[in-house]
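Notes follow the structure.
Read the figures in this text as sums done on the coordinates, not as results from a lab. Quick caveat, the model's predicted, so the values are computed rather than measured. Here the Cβ positions follow ideal geometry from the backbone for every residue, glycine too, while neighbour counts run over all protein chains shown.
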Amino acid sequence: MDYCVVAESFETSVPWDRVLDLCQNVKERIIRECKERGVQFQPLTSCIVTQTYDSGACIYFYFAFNYRGLADPVHTYEQVEHAAREEILANGGSLSHHHGDGQLSCLKCLTSRGV
């Protein structure tokens, strides 16, 4: 917090034929969402395949931004993270927290969609 940075990681699993598109699209969405919400500096976005399976891969995303000048950086972070999770779903990924243990994340996302 001394450096005005908020950061977190989140995870998904996705079939092999969707890995590259999902990674690219989620990173682009994070950058776009930050810009639209007044984040002054380009965010850090990266991802890594952490586990491999016959059907696909587990991908961890890392994301951080400098919140200098934002009135409510936590709310901004939550909005960007929500958009990133929507992009994951749109690209064929699943919502999980840690190796498939994602009930809270899935429930939060579904509740916000009115499901």
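Values as computed for the structure displayed
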| item | result |
| --- | --- |
| Two-site FRET efficiency, GLN79 against TRP16, from Cβ-Cβ distance with R₀ of 41 Å, rounded to 0.05 | 0.85 |
| Part-to-part distance (alpha-carbon centres) for region 17-50 and region 52-94, which is given in Å | 7 Å |
| Cα→Cβ-extended label distance, 7 Å offset, between GLU28 and VAL49, nm | 2.1 nm |
